[in-house]
1. Restricting attention to the range 109-128, which residues are exposed (fewer than 14 other Cβ atoms within 10 Å of the Cβ) and either touching a Pro at 6+ places or on another chain (Cβ under 9 Å) or more than 21 Å from C241 (Cβ to Cβ) (or both)?
2. Which members of the range 62-108 meet the condition of being of a type in the set (S, T, Y) and either in a helix (DSSP H, G or I) or surrounded by 19 or more Cβ atoms within 10 Å (Cβ to Cβ) (or both)?
3. Just to be sure, is K79 of a type in the set (D, E, K, R) and in contact (Cβ under 8 Å) with a residue 24 or more places away in the chain?
4. Please return the ranges of helices (runs of 4 or more DSSP H) entirely within the range 144-235 where 1 or more residues are in contact (Cβ under 8 Å) with a residue 40 or more places away in the chain and crowded, with 22+ Cβ neighbours inside 10 Å.
5. I'd like the full set of residues that are in contact (Cβ under 8 Å) with a residue 12 or more places away in the chain and either among the charged types (D, E, K, R) or in a helix (DSSP H, G or I) (or both), limited to the range 47-61.
6. Output the residues belonging to the range 15-37 that are modelled with pLDDT of 95 or more and part of a helix (DSSP H, G or I).
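The values are calculated or read from the model by the stated rules, or taken from the named source; none is laboratory data. Here the structure is a predicted model, which is why all the values come from computation and not from measurement. Cβ sites come from the backbone with ideal geometry, for glycine too, and all protein chains shown count toward neighbours.
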Amino acid sequence: MIFNLLKSKPTLKELIPKGFVDIHSHILPGIDDGAKNVKESEALLAKMQKMGFSKIIGTPHTFSGVYNNTTRSISESYKKLMENKKHGAEIIYASEYMIEEELIKKVHNRDILCLKNNYVLIEMSYISPPAILRETLFQLILNGYIPVLAHPERYIFYEENFDVFYDLKNRGCKFQINLLSLTGYYGKKSVFILKKLISNDLIDFVGSDIHNLLQIEQFKKKIILNNNLQKKLTKVFEKTCEIFI
């Protein structure tokens, strides 16, 4: 991997290392709130590859009553994309699972699409933490999975209860931050949590969480991290690429 040299407030695009592995994206067509069709998927992939993305994992939402995706529906969307492949990036698929009772059932049935090996991408509501959060983590780990919590910086209900993040880490949960958070895209509270997570070395991985072409435009904006936090983040990029290459 070739990592860009640190400089004062680079753009997000400049921060992306050559050969970057994206473990969180919504590039699969017509399956959730991401790419609407193959044409949009291809447009996203072309721009991502140009910025240095070499491997992209499509992770559509699986959320009962909202995005009722299954292993079959996700694989079919992936096949549709690959039939029309016009890009050089490596594309594979997994899912971003909402923490809910249905996820625990899938765990017990071994019906889980992993990012790689036993890494599972999970998320929770932005409104409030789920009552079964810790039980879900326990069941995942008990069954041999490694939970990767997507965008912890966006769960702003933990702003005044930061110790929860330490508790989740101690329970075996990994954290993946969103690239767009580095520009302040999700608001000031998310920025506050983001900086605190990075400064306390709590972040394991980074992913784009790209949904659409408008978000691609955000990569032209400057990041909000100082040089010290950039240095810490460089190690996160390295770890992400090393594990998921």
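1. Of everything in the range 109-128, those that are exposed (fewer than 14 other Cβ atoms within 10 Å of the Cβ) and either touching a Pro at 6+ places or on another chain (Cβ under 9 Å) or more than 21 Å from C241 (Cβ to Cβ) (or both) turn out to be N109, R110, D111, S125, Y126, I127, S128.
2. So the first thing to find is which residues in the range 62-108 are of a type in the set (S, T, Y), and the list is 62, 64, 67, 70-71, 73, 75, 77-78, 93, 95, 97.
Scanning the range 62-108 gives T62, T71, S73, S75, S77, Y78, Y93, S95, Y97.
3. On the way: of a type in the set (D, E, K, R): yes; in contact (Cβ under 8 Å) with a residue 24 or more places away in the chain: no.
It is false that K79 is of a type in the set (D, E, K, R) and in contact (Cβ under 8 Å) with a residue 24 or more places away in the chain.
4. Details: elements: 163-170, 188-199, 213-217.
Correct list: 188-199.
5. Step one: list which residues in the range 47-61 are in contact (Cβ under 8 Å) with a residue 12 or more places away in the chain, which gives 47-49, 51-61.
Selection gives K47, M48, Q49, K55.
6. None - no residue of the range 15-37 is modelled with pLDDT of 95 or more and part of a helix (DSSP H, G or I), so the list stays empty.
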